[in-house]
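Chemist: Below is one structure. I have some questions about it.
The values are calculated or read from the model by the stated rules, or taken from the named source; none is laboratory data. Only a predicted model underlies this, so the values are computations on that prediction, with no experimental measurement involved. Note: ideal-geometry Cβ built from the backbone for every residue, glycine included; neighbour counts use all protein chains shown.
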Amino acid sequence: MSQRLWTIVFTKDDKISRESLEVISAAKQMGKDIDLTIEAIFAGHKISVEDYRELLHQGIDRVYIIDHKDFRDFNLGAMKELISEMAEKYSPSIILMPANVYGKELAPSLSGMLKTGLLADCIEIRHRDGFLECTRPIYAGRILSKVKLDCDGVKIASIRPHVYPVPETVDEVTTEVEIVQYNGFSGAGAVIREIQETLGGMDISEANIIVSGGKGMKSAENFALLEDLARLLGGAVGASRSAVDEGWRPHHDQVGQTGKVVMPDLYIACGISGAVQHLVGMNRSKCIVAINKDPDAPIMKIADYAIVGDLFEMIPILTEKFRKCRTGG
């Protein structure tokens, strides 16, 4: 008998977030272990078909649409009340959501409300022998812990962003759409509005190319070198924790265990030694280029291309080479 799996969909800048699509990918991967009916819950205000059309091309079974003013922004009280009411009616076996700013609030709160277990911040998840199992990092990523969840009723898990790929879209739409009525939240609830300082740049969590700097950059002014290279490549500028702690870059540019986990096509690490907390945040990048004076730095050992040299000499050379490639020179 097919089990019902729900994915909770969040939005970012009025679009379905990448993290939510990655959770659908995790759900579809889990569907290879057991027979699953995969469904998405999309709550918002003044929803049009265009708002959720992308979900219809993910190859999932059903999308629940909840349109109410309480969901104009993320309202923790309203969300957990809605999902608990729906869970009582539809009896899902598994609920997955991103471990982003919203999911980190919702998952434990919902777990307590439903009196059930939670697997948080998973980097791998599967269903085996009736149990929900996951791999999650602990001790700042130094150890990977395997955890098994065995509980009655629904099982909840949150998935770390950028560890699963965005699923490939399908042309044929077979996804059912069901409108769910919600009467509104009467209690007091926390409302989260994500405030993001971009300084005119691109969010590193969305970038396909990231040029990152560490302690070796020596000053905030020297990050102009990385900004020039990132602008040329159409990418974003990131930073290690040490660079952020020095005040050279804002925290929203930080890559790592206490910053953002990224998975770009190209990651260029400049003057970054490669502390384990940083490696956890970027080691799933498709191609890693490291520039460092120390050939034995940890970052050099995981890099696809390691350039041993002075970054203040190497970065201008790279920038000029890329500029000539772009202009056909």
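Chemist: Hey, does region 175-191 have a residue that's surrounded by 11 or more Cβ atoms within 10 Å (Cβ to Cβ), modelled with pLDDT of 90 or more and in contact with a Gly (Cβ under 9 Å, 6 or more places away or on another chain)?
Modeler: yes
Chemist: Here's something else I'd like to know. When you scan region 159-166, do you find a residue that is under 16 Å from ALA40 (Cβ atoms), β-branched (Val, Ile, Thr) and in contact with a Leu (Cβ under 9 Å, 6 or more places away or on another chain), even just one?
Modeler: yes
Chemist: Same structure again: Please state which of the following conditions ILE125 fails to meet, knowing it meets all the rest: (1) within 17 Å of the chain's Cα centre (by Cα); (2) surrounded by fewer than 21 Cβ atoms within 10 Å (Cβ to Cβ).
Modeler: Of the numbered conditions (1) within 17 Å of the chain's Cα centre (by Cα); (2) surrounded by fewer than 21 Cβ atoms within 10 Å (Cβ to Cβ), the odd one out for ILE125 is (2).
Chemist: If you take the residues of region 95-116 that are among the hydroxyl-bearing types (Ser, Thr, Tyr) and in contact with a Lys or Arg (Cβ under 9 Å, 6 or more places away or on another chain), which of them is farthest from ILE156 (Cα to Cα)?
Modeler: Only one residue tops the list, namely SER109.
Chemist: Another one. Among the residues in region 11-30, are any at positive phi and not basic (Lys, Arg)?
Modeler: Among the residues of region 11-30, at least one is at positive phi and not basic (Lys, Arg), which makes the answer yes.
Chemist: Something else about it: Looking only at region 117-168, count how many residues are among the β-branched types (Val, Ile, Thr), farther than 16 Å from PRO98 by Cβ and in a loop (DSSP other than H, G, I, E, B).
Modeler: 1
Chemist: When you scan region 293-329, how many residues do you find that are surrounded by fewer than 13 Cβ atoms within 10 Å (Cβ to Cβ) and in a strand (DSSP E or B)?
Modeler: The number of residues fulfilling the criteria is 1.
Chemist: What are the pairs, 6+ residues apart or on separate chains, where a residue within region 203-222 that is modelled with pLDDT of 95 or more and of a type in the set (Asp, Glu) has its Cβ under 9 Å from a residue that is outside any helix (DSSP H, G or I) and surrounded by fewer than 24 Cβ atoms within 10 Å (Cβ to Cβ)?
Modeler: That search, which allows pairs on different chains as well, returns GLU221/TRP248.
Chemist: Another question, then. Looking only at residues that are aliphatic (A, V, I, L, M) and in contact with a Pro (Cβ under 7 Å, 6 or more places away or on another chain) in region 144-161, which one is nearest to SER91 (Cα to Cα)?
Modeler: Among residues in region 144-161 that are aliphatic (A, V, I, L, M) and in contact with a Pro (Cβ under 7 Å, 6 or more places away or on another chain), the one nearest to SER91 (Cα to Cα) is VAL154.
Chemist: Might you check whether a residue that is polar (S, T, N, Q), surrounded by fewer than 21 Cβ atoms within 10 Å (Cβ to Cβ) and out of contact with any Cys (no Cβ under 8 Å at 6 or more places or on another chain) occurs anywhere in region 252-263?
Modeler: Looking for residues that are polar (S, T, N, Q), surrounded by fewer than 21 Cβ atoms within 10 Å (Cβ to Cβ) and out of contact with any Cys (no Cβ under 8 Å at 6 or more places or on another chain), one finds at least one in region 252-263, hence yes.
Chemist: Next up: Residue check, GLU88 against (1) under 23 Å from SER2 (Cβ atoms); (2) modelled with pLDDT of 95 or more, all met but one. Which one?
Modeler: Result: GLU88 passes all but (2).
Chemist: Which condition breaks for ARG4 when tested against (1) surrounded by fewer than 21 Cβ atoms within 10 Å (Cβ to Cβ); (2) not in a strand (DSSP E or B)?
Modeler: Status for ARG4: all satisfied but (2).
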